[in-house]
Amino acid sequence: MEERLQRSLARAGYGSRRACEELIRAGRVTVNGLEAELGRKVDPTVDRIEVDGHMASVDPEARYLMINKPPGMVTTMDDPQGRPTIVDLIPDGPRVFPVGRLDMDSEGLLLLTNDGELANHLTHPRYGVEKEYLVEVTGAPSPKDLAALRTGIDLDDGPARVLAVDIVGSSGERTALKVVMGEGRKREVRRLMEAVSHPVVRLVRVRLGTARLEGMSPGEIRDLRPEEVRSLYEAAGL
């Protein structure tokens, strides 16, 4: 169904309709690769709309959710073993799918969407979108251990490395680390830590691209704000 371009842009978080009209007048908006004119009508489910060269998420059926996944819950949409799944937390609405996965024992930020292009860009290693974790491990990793994680370690499915790792605290026989990854292979962080003899006790994802887990209780779910979606598009190179 067609609607005026400024309405689509306003719904996507680019400001009031008047502000969106100014974007169009300034020549900053294109539709299917052509500079848009004020009064242009678009079909937000079909037309590709860009602002300053970045794709705008204007599809009214597009849905973007963030969950603070608690431990003990699987991220699949259906589990043949009957374990609790994130489906139990998702409110009614258009069907969405997890952007990547978190292990059953892991917790923290999980995005869900029906925007397949954004999901692919956020998860495919080619685009290098950062994933940040707070990781609690046994023992105290040495400078040599940290250097090995940064340089790279051969795992059974190929070499892997962290983009960054820093010690952020310690208590008793455990150490807390901040770990930043550029990809998200299955149990990759856990396998890297095991490779340097410091198994993971707890793993919490706190950031995916520009999306951050802040002020959300375990099990809480919310819609992403339009500006958060725009920021993710930019981080994913869209």
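At a glance:
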| quantity | calculated |
| --- | --- |
| Positive-end residue of Gly100, Ile167, Asn114, charge dipole of the chain with Cβ unit charges | Ile167 |
| Relative contact order (%) - criterion: Cα under 8 Å, at least six apart; region: the chain | 21 percent |
| Charge dipole of the stretch 130-208 about the Cα centre (unit charges at C-beta), most positive-ward option of Met181, Val206, Ser142 | Val206 |
| Size of charge dipole - the chain - debye, nearest 20, with Cβ of Lys, Arg +1 and Asp, Glu -1, no other charges | 340 debye |
| Test item: Cα-centred dipole of the stretch 156-236, Lys/Arg +1 and Asp/Glu -1 on Cβ, debye | 120 debye |
| Hits among aspartates and glutamates - C-alpha to C-alpha of Lys178 under 15 Å, sequence gap 8 or more where chains match | Glu107, Glu130, Glu132, Glu136, Asp145, Asp166, Glu188 |
| Distance (nanometres) between label positions extended 7 Å along Cα→Cβ at Asp52 and Val168 | 2.9 nm |
| Separation of the Ser217 and Val180 label points, Cα + 7 Å toward Cβ, nm | 3.2 nm |
| Residue-span extension gain [Ser16 to Leu155] - 0.36 nm each, minus C-alpha spacing | 45.0 nm |
| Highest average packing first - 192-203, 42-53, Cβ atoms within 10 Å | 192-203, 42-53 |
| The stretch 24-73 and the stretch 116-183: distance between their alpha carbon centers, rounded to Å | 32 Å |
| Net dipole in debye of the stretch 3-55 [+1 Lys, Arg Cβ; -1 Asp, Glu Cβ; about Cα centre; nearest 20] | 220 debye |
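Coordinate-derived values only; no laboratory data. Predicted, not measured: the structure shown is a model, and the values here were computed from it. Cβ atoms come from the backbone with ideal geometry, glycine included; neighbour counts cover every protein chain shown.
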